[in-house]
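Read the structure below first, then the notes.
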2 protein chains.
Amino acid sequence: MYTSDFMKVLVADMCGFCHGVRNAISVAEKILAKENNVYSLGPIIHNKDMVERLAKSGLKTVGKVEEIRSGTVLIRSHGAAPEQIAKLKEKGLNIVDATCILVKRVQHIAGELEKDGYKVVIIGEENHPEVQAVVGCARDVVVIADESDLHKLPQNAKLGIVCQTTQSPEHFGRMLGAMGRCNFSELKVINTLCREAIKRQESAVQLCRQVDIMFVLGGLESANTRRLAELCKKVNQQTFHLQNWNELDKSVLSGKKTAGVTAGASTPDWIIDEFVSNLKVFDSGNS
Amino acid sequence: MYTSDFMKVLVADMCGFCHGVRNAISVAEKILAKENNVYSLGPIIHNKDMVERLAKSGLKTVGKVEEIRSGTVLIRSHGAAPEQIAKLKEKGLNIVDATCILVKRVQHIAGELEKDGYKVVIIGEENHPEVQAVVGCARDVVVIADESDLHKLPQNAKLGIVCQTTQSPEHFGRMLGAMGRCNFSELKVINTLCREAIKRQESAVQLCRQVDIMFVLGGLESANTRRLAELCKKVNQQTFHLQNWNELDKSVLSGKKTAGVTAGASTPDWIIDEFVSNLKVFDSGNS
C-alpha cells in the first residue's frame, strides 16, 4: 500500500546569518564589485558553500599574511590578532576590517583586563579563530575549553575572564563555577556572550522539543552551529548537524512526521530555503 | 563475656580557636580584668560554654545598642554594622573593636565595590551576624544563601561578589557557577574565604574518611562548625555535631573502634580536651 505522508517542517524563529556575518559578506561583495585583488585571511565565514560562492566572485582565501603580496585584505568577522594586522600594515596592504563588533569588544576587554593587572582567561575553543585573535590581544592568555584545562590557571591570582561569544550561558556558568572552586584571589568576569547567539540557542532548543527530528544546518567548523547541535542533541537525540540537503541520509526521515530546522549564524538563507523546500515535499511514508 | 575495647581517638590536625576568636576572647579577658561595666553586642562567640564562662567574669551580652547605657562595648569577631557603631559612638560609649581582620576586609571590600558601581552580593547565611554586618556596609546588599535566592539578583547588572568567610570553596564555586548562568553584564568576585577555615575543612574531611565515627564539636549557631559537620557528613554518615561531651548519646559509640574529633573555630580547647579524654577511656565494647 502506498501512503503519502509529507513532512511537517518547522523553522526556528531565529536562525541563519547574524549581524556580524551579514556585514562581513556585504563588505566582501562591495569590495569584489570594485577590485580584483581581494584576500580573506582565513575563510571569511565557516560555511564552505558561501566561501565557494565568493571565491567565484574573486575572493582569494589565504592561511597566512605571507601569502599576500598586494591588494586588499579583508579581516573576517572572527577578527585577527594585532600582530597579524601589524604585519599587513607593514606590507602596505589595504585593510578592510569586518570583525564583528562583539568580537572586537572581547579583544578590547582582554587588553584592558591585562592593563588592570589581571591574568587574562578566555573560556572557549583554543583553535577557533575568534579565540586565537583574542589570545593575540594580551600576553600569555589562558584558554579554558573545559574542566581538563583548569590546571593551566595560576594559583591565588587575579583572573580577568572573558568568553568566546558563541559559547552557551550554561557552559560559561559551569566554567565559572569550576574556577570559583579553585584557589583564586579575584575574578573579574565580563559577559562577552553574544545575546543573539543565546536567543538562537533558546529558539532551537524550544523547537527541537516539539519535533520528531531536528536539523541544524551549518559549517562543520562553525562553533555556533556546533553549539546549537550539542544543545539540541541533549534534548532530542534525533538531531543532525548537516551542511546542506545533499549531505542528508534520507533514511533517517523514515517514519518521522515533524521536522525542525535551525541554522548557524554563518549559514546563508539559500541553504536553509533549499533544505526546507526539499524536506517539505519529501514523502517520508514512501522512503 | 566482657570485652575491653577502648576507642582509638584521632584529633584533626587543625581545629579549635582561630586567630579571630582567640583575639576576641583575649581582648574580652583583658577588659574584664580592669573594668566592671563591659558589654558584648551579641554573644562574643557562638559557643555557649565560653559565653557562660565570660558572663561569670562579668561580660554582659546584649542584643541591641539600646540596652547599653554606659561603659565599654566589645565588638565581637563577627563585626557590627556601621550603623550600630555610629549609635554606640553617639551614646558616648567606649568601643573596643575585636572584629576579625578577615571580616573587616569583607566589610571594606563591600563598600569599595559599591563605590565602583557594583551591586554588592554576599554569598552566605542571611541571619548570620557576619553577613548582617556586611549588609550594613553598602546599600541593598543581595544575600545569596543558595540557588533559591538567585531570583533576587538584578538582571544584566554589574555584580560585586564577596563570600561569608566561613563558607566552603565548593559552595562558593557552585554559587558563582549559578550566577554565571544568569543574565549579568559583569561579575567582580573577591575571594573572601578564610584560608584557615578551608584548611580546617580539608583536615576534618581527611580525618573523617579514616574513622568509624566523627565528632564535630562547637556551637549549634556557629556557621563554621555547621560547615565542618556538613562536609564530614557527606563523606562519613556517622558524623555528629555536638556542643560538648554531655550531649553525646553514648549508644552511638557501640561497636565503633576509631573516632575522629574536630572542632569549630569558636570551640575552646577545654571542651575538646574533655571530650577526647572521656572518649579515650570509654569502653565501647561494654556499651
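The values are calculated or read from the model by the stated rules, or taken from the named source; none is laboratory data. Keep in mind that what you see is a predicted model, and the values were worked out from it rather than measured. Note: ideal-geometry Cβ built from the backbone for every residue, glycine included; neighbour counts use all protein chains shown. SASA here: full protein model, heavy atoms, side chains in, ligands and nucleic acids out. Shrake-Rupley method; radii C 1.70, N 1.55, O 1.52, S 1.80 Å.
The table below lists the values:
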read-out: Surface accessible to a 1.4 Å probe, B:Leu10 within the full protein complex, Å²; value: 50
read-out: Solvent-accessible area per residue for the protein assembly as shown (1.4 angstrom probe, square angstrom); value: 45
read-out: Cross-link pairs A:Lys60/A:Lys199; A:Lys158/B:Lys119; A:Lys119/B:Lys115; A:Lys158/B:Lys199 - those with Cα-Cα distance over 26 Å; value: A:Lys60/A:Lys199
read-out: Hz values of 3J(HN,Hα) by residue in region A:120-135 - Karplus curve (6.51, -1.76, 1.60), Gly and Pro given as x; value: 7, 10, 10, 8, x, 8, 3, 8, 6, x, 4, 5, 4, 5, 5, 4
read-out: Accessible area, probe 1.4 Å, largest first, for residues B:His171, B:His108; value: B:His108, B:His171
read-out: Intensity falloff of region A:1-129 expressed as log10 I(q)/I(0), Debye formula with alpha-carbon point scatterers, at q = 0.10, 0.13, 0.20 Å⁻¹; value: -0.42, -0.63, -1.19
read-out: No Cys partner within the rule (Cβ under 4.7 Å), chain B; value: B:Cys15, B:Cys18, B:Cys100, B:Cys137, B:Cys163, B:Cys182, B:Cys194
read-out: In Å², nearest 10: area of B:Cys182 left accessible to a 1.4 Å probe; value: 40
read-out: Accessible surface of the protein assembly as shown, 1.4 Å probe, proportion on carbon and sulfur as whole %; value: 49
read-out: Stretchable slack from A:Val62 to A:Lys250, in nm (0.36 nm times residue separation minus alpha-carbon distance); value: 64.1 nm
read-out: 7 Å along Cα→Cβ, label-point gaps from B:Gly255 to other copies, nm, shortest first; value: 5.2
read-out: Distant-in-sequence amide H partners of B:Tyr39 (H built 1.01 Å from N, under 5 Å); value: B:Lys60, B:Thr72, B:Val73, B:Leu74
read-out: Rotation relating A and B, chain B residue nearest the axis via C-beta, angstrom; value: B:Gly177, 1
read-out: Cα gyration tensor shape for region B:103-167, rounded if a/c is under 1.5, else prolate or oblate; value: oblate
read-out: Exam field: B:Asp13 pseudo-label spacings to other copies (7 Å along Cα-Cβ), nanometres; value: 5.6
read-out: Cβ-vector label at 7 Å, A:Glu67, separations to other copies in nm; value: 7.9
read-out: Chain B - mean residue ellipticity at 222 nm from DSSP helices (-39,500 (n - 2.57) per run, n ≥ 4, rounded to 500); value: -11500 deg cm²/dmol
read-out: Rel. contact order, % - alpha carbon contacts under 8 angstrom, at least six apart, chain A; value: 25
read-out: Spatial separation of Cα centroids for region B:218-274 and region A:28-99, in angstrom; value: 68
read-out: Cα gyration tensor shape of chain B, rounded if a/c is under 1.5, else prolate or oblate by comparing a/b with b/c; value: oblate
read-out: Magnitude of the charge dipole, the protein assembly as shown, Cβ model with Lys/Arg +1 and Asp/Glu -1, debye to 20; value: 640
read-out: Antiparallel bridges, percent of DSSP beta bridges restricted to the protein assembly as shown (to nearest 5); value: 10
read-out: For A:Arg226, solvent-accessible area (1.4 Å; no DNA, RNA or ligand), Å²; value: 80
read-out: A:Asp97, B:Asp273, A:Asp49, reordered so the largest accessible area comes first (probe 1.4 Å); value: B:Asp273, A:Asp97, A:Asp49
read-out: Normalised contact order of region B:1-135, rounded percent, pairs of Cα under 8 Å and 6 or more residues apart; value: 22
read-out: Dipole moment magnitude, nearest 20 debye, chain A about Cα centre, only Lys, Arg, Asp, Glu C-beta charged; value: 340
read-out: Solvent exposure, largest accessible area first (probe 1.4 Å, DNA, RNA and ligands not counted), of B:His128, B:His151; value: B:His151, B:His128
read-out: For chain B, share of DSSP beta bridges that run antiparallel, in % to the nearest 5; value: 5
read-out: Contact surface B-A: accessible area buried, both sides summed, square angstrom, 1.4 angstrom probe; value: 1700
read-out: Debye, to nearest 20: dipole size of region B:140-202, +1 on Lys, Arg Cβ, -1 on Asp, Glu Cβ; value: 160
read-out: Furthest towards positive pole of dipole, A:Cys137, A:Asn127, A:Gln164, structure part region A:33-173, Cβ charges; value: A:Cys137
